[in-house]
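In what follows, a structure is listed as structure tokens, so that the remarks can point back to it.
The values are calculated or read from the model by the stated rules, or taken from the named source; none is laboratory data. Quick caveat: nothing in here was measured; it's all calculated off a predicted structure. Note that each Cβ is placed from the backbone with ideal geometry, even for glycine, and that neighbours are counted across all protein chains shown. Ligands, DNA and RNA are excluded from the accessible area calculation, which covers all protein heavy atoms including side chains. Shrake-Rupley method; radii C 1.70, N 1.55, O 1.52, S 1.80 Å.
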Amino acid sequence: MADPVLPSMEEARRHQMYPVLTAAELKRIARFGSKQHFKAGEFLARTGESSPGMSVIVSGRIAILGHDGLGHVSPIADMGPGDFAAELAELAGQPAMVDVRAEEDVEALIVPHDQLRALMVADADLGERIMRALILRRVRLIEANVVGPILVGELTQPGMIRLQGFLTRNGQPHTILDPETDPDAAKMIERLSPNADEYPLVVCPDGTILRNPSEQELALCIGLLRESAEPRLYDIAIVGSGPAGLSTAVYAASEGLSVLVVETRAFGGQAGASARIENYLGFPTGISGQALTARAFVQAQKFGAQFVIPLEVARLDCGGGLSRPMSLEMTDGWRVQAKTVVIASGARYRKLSLPNLGDFLNRGLWYWASPIEAKLCANAEVVIVGGGNSAGQAAVFLSGHAAKVWILVRGSGLAETMSRYLIDRIASAPNIEVLAETEIVELVGTEQSGLRGVTWRHRPSGTDTHRPIRHVFQFLGAEPATEWMQECGIDVDRTGFIRTGADVEAPCPKRPPLAYETNVQGVFAVGDVRYGSVKRVGAAIGEGANVVAQIHGVLEAMGEAAEKAAVRTV
């Protein structure tokens, strides 16, 4: 008997990407949507416009088309009865990523965004199949380079690296046109933006052209960030979407609380930039920080948590009791109100104390090591400054791309600051060398030329070494990002980390402080920003889960107080 022919991995994934729903499954979905009819040639959804939600085909056929801002149309898939048109944008309520066009008269079941989330929670088996398909379809769109904004500029240009990193870390499909290899891109820059300060150019899905935009302008262009109407009152506003903030969002939203998460740059925080995390429970082969936090990000959206990225909080107003809830004011002036606030803003990396440091940001000086930076370092020498796990993970990752990786630490070695498995891996890598009691004393180059050389000093001997190294990665430990909340009188230690629990005076005289509660009632802190926290992904996730139980108690007390106040008023 011949051996059975097993399907290839690609074939298996395609089956998961485009599952066909049975008649019984269509009946289960029917109560979450409504039937609509479309004539041949009509669009069920259009790129960049508000999406109606998931379209389940009852009869007829549709085409899924990629449509970029330059008018290029690319076929992605054809669908018929039992198929559904949707990807992660529909789950998040963002504008459609693709065109969905009726190829013949179509009857479709339209499931709006909120009902799609309700379906996935109510029907676990069906929800699992749909969720897997949405994720795989996003992955395909990212790899296909046929949807999303078009970035036009040289790959090594600082602005290009900045915008590409923003889109990549937020899981947004995009296309890159390099004028050095693409004549049409060169002509476009010459015609639209000959001034070097005005590029890279960004062509939005609707054809709008931006010149060297900020991350916020780019987010508005693609619908990741939208102009907000009058803000509603949330049960919880979470500042920061690293592991602690994402964990809080998942557990709070899954328990029915209304949740808003505000993030300055990209979900995942510093953990999201980790090339590989190998000591997180349940992943014996390791997982990248991007993959781990992306799953949590989608999971939080599945339960209804809302995200605003990128927006920076400028000020926290702690309110004045039940009649005036707390509010967060953003740097652009937008405000959001919440009954409770969870500060999960993490900690940012410290910087080298060098006068010309700012000249080299995205010009040879980096604060994380992603595939984007790794390509720039191919077959070159690089320096990593720092001896913690983040530095170790970056060193191991970059050793697969760079010719030589130097690790500079101020201490006597790595044993006191880095996990053993990383130390062993570094020791076994032939192109990684650790220099103890060594620090960088000079960066050579200009803002125009970028980094051209590095001088470091062995402190015990005073010996200086200069090498023509053009890439330095800083992992110097962390300092808290808490300046924006100081007006509220939240208690911090001398370095700015937020005190909680037994380390603060109880915010409510009738009970002791809760473990993650600050000295201000209704304000909590979790993760790296909290004084005394364990700076590990697993610990941050645990704190995010635990704080939700404490918030339930505070919200319940608020409700009881409001009821008593209402009775007294009557």
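Each row is one residue, and each column tells you yes or no for (1) in a strand (DSSP E or B); (2) basic (Lys, Arg).
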position: Gly69; (1), (2): no, no
position: Ile76; (1), (2): yes, no
position: Pro81; (1), (2): no, no
position: Ala89; (1), (2): no, no
position: Ala96; (1), (2): no, no
position: Arg101; (1), (2): yes, yes
position: Glu104; (1), (2): no, no
position: Leu109; (1), (2): yes, no
position: Leu116; (1), (2): no, no
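Results for (1) open to solvent by less than 40 Å² (accessible area, probe 1.4 Å); (2) among the hydrophobic types (A, V, I, L, M, F, W, C); (3) on the phi > 0 side of the Ramachandran plot; (4) touching a Phe, Trp or Tyr at 6+ places or on another chain (Cβ under 9 Å), shown as yes or no for each residue.
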{"position": "Asp83", "(1), (2), (3), (4)": "yes, no, no, yes"}
{"position": "Val98", "(1), (2), (3), (4)": "yes, yes, no, no"}
{"position": "Val106", "(1), (2), (3), (4)": "yes, yes, no, yes"}
{"position": "Asp114", "(1), (2), (3), (4)": "no, no, no, no"}
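Quick check on Pro149: is it surrounded by 19 or more Cβ atoms within 10 Å (Cβ to Cβ), without any contact (Cβ under 8 Å) to a residue 40 or more places away in the chain and in contact with a Gly (Cβ under 8 Å, 6 or more places away or on another chain)? So Pro149 fails the test. Can Gly496 be described as in a loop (DSSP other than H, G, I, E, B) and on the phi > 0 side of the Ramachandran plot? Yes.
Residues in region 360-372 that are open to solvent by less than 30 Å² (accessible area, probe 1.4 Å) and closer than 18 Å to Ile277 by Cβ: Ala369, Ser370.
Here the helices (runs of 4 or more DSSP H) wholly within region 153-258 that include at least 1 residues being over 25 Å from Val98 (Cα atoms) are 158-169, 183-192, 243-254. Just to be sure before I move on: is Ser390 in a helix (DSSP H, G or I), open to solvent by 30 Å² or more (accessible area, probe 1.4 Å) and either more than 17 Å from Trp456 (Cβ to Cβ) or of a type outside the set (Phe, Trp, Tyr) (or both) in the structure I sent? The answer is yes for Ser390.
Hey, which of the strands (runs of 3 or more DSSP E) in region 423-477, taking only ones fully inside, have at least 2 residues that are out of contact with any helix residue (DSSP H, G or I) (no Cβ under 7 Å at 6 or more places or on another chain) and open to solvent by 70 Å² or more (accessible area, probe 1.4 Å)?
Correct list: 450-458, 463-467.
So which of Ala273, Ala266 is touching a residue at least 24 places away in the same chain (Cβ under 8 Å), under 14 Å from Arg169 (Cβ atoms), touching a helix residue (DSSP H, G or I) at 6+ places or on another chain (Cβ under 8 Å) and open to solvent by 10 Å² or more (accessible area, probe 1.4 Å)? Checking each option against the conditions leaves just Ala273. Among the conditions (1) crowded, with 23+ Cβ neighbours inside 10 Å; (2) without any contact (Cβ under 8 Å) to a residue 12 or more places away in the chain, the only one that Ile222 does not satisfy is (2).
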